[in-house]
Structures are given as C-alpha cells and as structure tokens.
1. Have a look at the DSSP beta bridges in the chain and tell me what percent are antiparallel, nearest 5.
2. What does the extension gain come out to for residue 64 and residue 79, with contour length at 0.36 nm per residue minus their alpha carbon separation?
3. At q = 0.10, 0.12 Å⁻¹, what is the base-10 log of I(q)/I(0) for the chain according to the Debye formula with one equal point scatterer per Cα and no solvent? Please give it to two decimals.
4. Mind jotting down the distance between the C-alpha centroids of region 394-455 and region 255-333, whole Å?
5. What number, rounded to the nearest 500 deg cm²/dmol, is the helix-based mean residue ellipticity at 222 nm of the chain, given -39500 (n - 2.57) per DSSP H run of at least four residues and division by all its residues?
6. Run the numbers for residue 408 and residue 364: contour at 0.36 nm per residue of separation, minus the present Cα-Cα distance, in nm.
7. Efficiency by 1/(1 + (r/R0)^6): what FRET value for residue 507 and residue 179, r their Cβ-Cβ distance, R0 = 41 Å, to the nearest 0.05?
8. In percent, how large is the relative contact order of the chain, given Cα pairs closer than 8 Å and 6 or more residues apart?
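Quick note: the coordinates plus some simple rules give every number you see, no bench work behind them. These numbers were taken from a predicted model, which means no experiment stands behind them. Heads up, the Cβs are rebuilt from the backbone with ideal geometry, glycines too, and the neighbour counts pull from every protein chain shown.
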Ligand SMILES: Nc1nc2c(c(=O)[nH]1)N[C@H]1C(S)=C(S)[C@@H](COP(=O)(O)O)O[C@H]1N2
Ligand SMILES: [Mo]
C-alpha cells in the first residue's frame, strides 16, 4: 500500500493533524513570548508582524480601520493575525501528515516571517529575531512529535490498520503535555514581562513632579458649562483619546531615560536625563490636542493641563536659532523609543507659543499610554506633527532633507490645526421631546482661539451660540444654544469662527492629507410633548 492512500473503513486522522498544527502554533507562541520578555516585548511575533502590517497598510485602509474600529483597531489586528496563524497552523498539521518535512517547514517559515518582521522594525537589533526563531523552532519540534505519534506504524502483532493507525491515547497524552508545557512557558513569559517593566512602573509611581515655576491660572469659572452629554472642559487622562502605532505601550524606565538634542545648527549638543530636565524651569499650560485623523464630529480631541519645560528654551540652550533668525534647520524631528518620527517646524516651536516637553498631564506624571516620561505638545499643530510620545531624541534638520513617518505615508509635512466645532448633545439619532433643548458642544482653533460659534436648524439662518469662558487661545471652548425644538425630523449644524475672523469652512474634505473640514451635522427626531400631563 502506498503511503497516504485512503482505504475504505480507515479514516485519516485529519482532525488530529489539525489539532497537532494548532498545538504546535500555541507552543511556538508561548516560547516566543518567553524569549520576547527577555529580549524586548515588541519583538514578540504577533506584535512584530502586526507592527509591520500597520506600517505597510495603505493610508486609505488605515483611515477606514480607524473610522470603523476606533481605538480597538489594534486588538482587531492582533485577533486577525491569530486567526490567520490558526488557519495556517491547522493546514500545516494536515500537510505534515502526508509530507512531514513540508508541514514542519511551514511552521519554521512562520518563525522566519516573524523574525523578518521584528528585524524590519525601526531601531531593531539582531536579538529581536530571537523570539520568532525560537518560536518557529519550538513549533516545528512539537509538530514533528505530534504528527509522528499520529502516524506511528502499528506495533508488530497488532490488528492490521494500515499506516494511519493512530495511537490515540499516546497522541492525546502528547497533546495534553504540549498544551500544559506551553501554558506554563507562556505564563512564565508574562511574569517575566511584568518583571521587566516593574522598574518603569516603579519609576512612574516614585516620580514626584516639581511645582511649576509658571503655574497655569485656574480654569476660569464658566469655561466648563457642565451640561449633561457635553465633553468636560478638562479631559481626564483615563478618557483622553489615544492614537499611536504602538501595539505594546512602551514602558520606559524614567531612571534610564535620556534625551539627546543634536543636528544642524546645534552648537551645544545636549544629553539630558529626567532629573536634569526637571531641574529647568517648569511651565504649566492648558492645551487641546487634536488628531489629523479626526473626522468632522469625531472623538480624537482632548484638553489637558500639561506641565513641562519650554522647548524653545531648551533649543536655545543648545544654540538653535529659528530660520527667521538665520538658523539652518527648519524641521525638528522628534524620535520616540518605539521608532516613531514626528517633524515639527522649528519656527513654530520657537515663535513664543507654549511648545512643551511635557512630563505632567492634569497634575500627574504622564500615563504610559500618553508618553511617559516625556512627550512633546505644541499648541496649534496636529499631534502627528507635534506631539511625539515616549520621546528620546530631538534632531534638527530640514523639511527638504527628511520626511517623518506619516509624511512618507501621504500626510502633509506641515499641518496646523483647522478650525473645527462639534455637537456633543443631542447625539445623532436622539429623540428629544419638543420644547427647549440645549444644543451644546466644543469648538477648537488652537493658538488662534475661538471667537464665535453658530448653529442652524434645517439649513435655516445661523444663530449665535453662547460660549463658555475662554481659557486662553490654545484650548477648545464649550458652547451652548437653546433650541425651541418642534416635533419632527431636524438637522442641526454648527460652525465656528476663530479670533482672526476666519469662518470655519463648510467644504467637506477628507482627513488625508492635512485634516478634515466641513460642518458637523446631527439628525434628531423631536417627539411631540405628551398632550396630557398625568400629574
Ligand atoms: N511615539 C509616538 N508618538 C505619537 C504617535 C505615535 O504613533 N507614536 N502618534 C501621534 C498622534 S497621530 C497623535 S494625534 C498624538 C496623540 O496623543 P495621545 O495618544 O496622547 O492622545 O500622539 C502623537 N504622538
Ligand atoms: Mo494623530
């Protein structure tokens, strides 16, 4: 009988082979997890492949993913990779049944793929290949053992069963052993990972932020209208939007953190640790941060009280002059520990605005997700051209010499924030009762300031909203307009005017390349007032 033919009455152990593939993949992931915990968490195969996918994804797809899944896009990406891995692993198991070498080669190739992805990451070192290589090796070995058990020739003297005779009990035991070992190894990896970031966690817990030398004045009374459904004036860090490419939040140890400032026109290159940075005068300032990927009416805007060192002072200390004073560098490229690059106009950070190297957010050290220990914040510029988190390097160069991460992916080199306004309440699809309805929201034009907000109903005349008190020009402003709502379907629209007098355009433009425009509209169905009041 030739190997692999199926005789009537003898079933090939296909489900067993698929299980063997899945168990092998699980073992590979567990081993990779453990090695990654020792090497670098970001070098774990699913994370590395995910990061490579993020980098290679066309901007249109990425924008769609952000729109469709919001901040859960990362979770879905990891799930997607796991599903693909699972399908391939099961197939490799089945393949190994017929061609053991080929099946095992597939497992090894997946290890190689992970290694290549890890090595392709910015700032990768050769060790980053180790988790995936070790994982691939483990998966191949486990697959070999399981498939061998599955296809073991029948012992001499046993009843005839052909080549596919399965030692069910032996196979089952092996599967259980492999699963238990993998779970143990994976758990050890997680513990080791937590241990690896324990220093960072402690360094954040121990960081006592100094008092600001220049405190922000208290938020003026009346800046926060405190209406139900309206975004609070200051956004708690907990609910502050998060946009970044990091599949694993970098946990930087403040004790070993360093910032390097160098490049064109830098007469005194600097390397600072956190203690040295905090020894400089600290400024507190309220700044609204917005993302260029925010759709009209979208959620990627937040307002916080930042504490930090004035970036302009630090650059001057390094000898940097802005282009307007003859400096050779017009671009400041910020680099993060995870390889992100963000290019900001030198002129903007040195023109007198409160461009900060921030260490505090709403009175606390930066949360890890928002860039601990140090990030940039520049009033008036979208985050992708100004707000580098987990900062480690400031490189003075020119816009003609260097394109930062997002610029290489079809976004504009320069991107001042566009005037925007948003209706927070009522929400689209709401069904308020006829009568007085508070229409309220926020409007922003960072560093220009908001002068006016207007609302209109069903494309009627624009009506002026009441503004919350202004907390400087670098934050958003709340607004409210009392609407005498009549029963039926209505469309509410909002537009803002900045303090230069420019009215927010109603022309609808996409987020790519430099920020969406258009008026936010919500549609509501106003219910008639109940005719008889039962009370
Ligand atoms: N290191 C790093 N910094 C980054 C990013 C990133 O992907 N990596 N994203 C930028 C973008 S696009 C925005 S809008 C802001 C968002 O900051 P937040 O997540 O604290 O709200 O961070 C910026 N800084
Ligand atoms: Mo962004």
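1. On the way: 69 of 75 bridges.
Close to 90 percent.
2. Details: separation 15, 0.36 × 15 = 5.40 nm, distance 1.75 nm.
Answer, rounded to one decimal: 3.7 nm.
3. One equal scatterer on each Cα of the chain leads to -0.89, -1.10.
4. The two parts, judged by their Cα centres, are 22 Å apart.
5. Working: 11 runs with 170 residues, N = 535.
Rounded to the nearest 500, it is -10500 deg cm²/dmol.
6. Numbers: separation 44, 0.36 × 44 = 15.84 nm, distance 3.42 nm.
Between residue 408 and residue 364, full extension yields an extra 12.4 nm.
7. Details: r = 58 Å, r/R0 = 1.42.
Approximately 0.10, to the nearest 0.05.
8. Working: 1164 pairs, mean separation 67.4, N = 535.
Relative CO of the chain lands at 13 percent.
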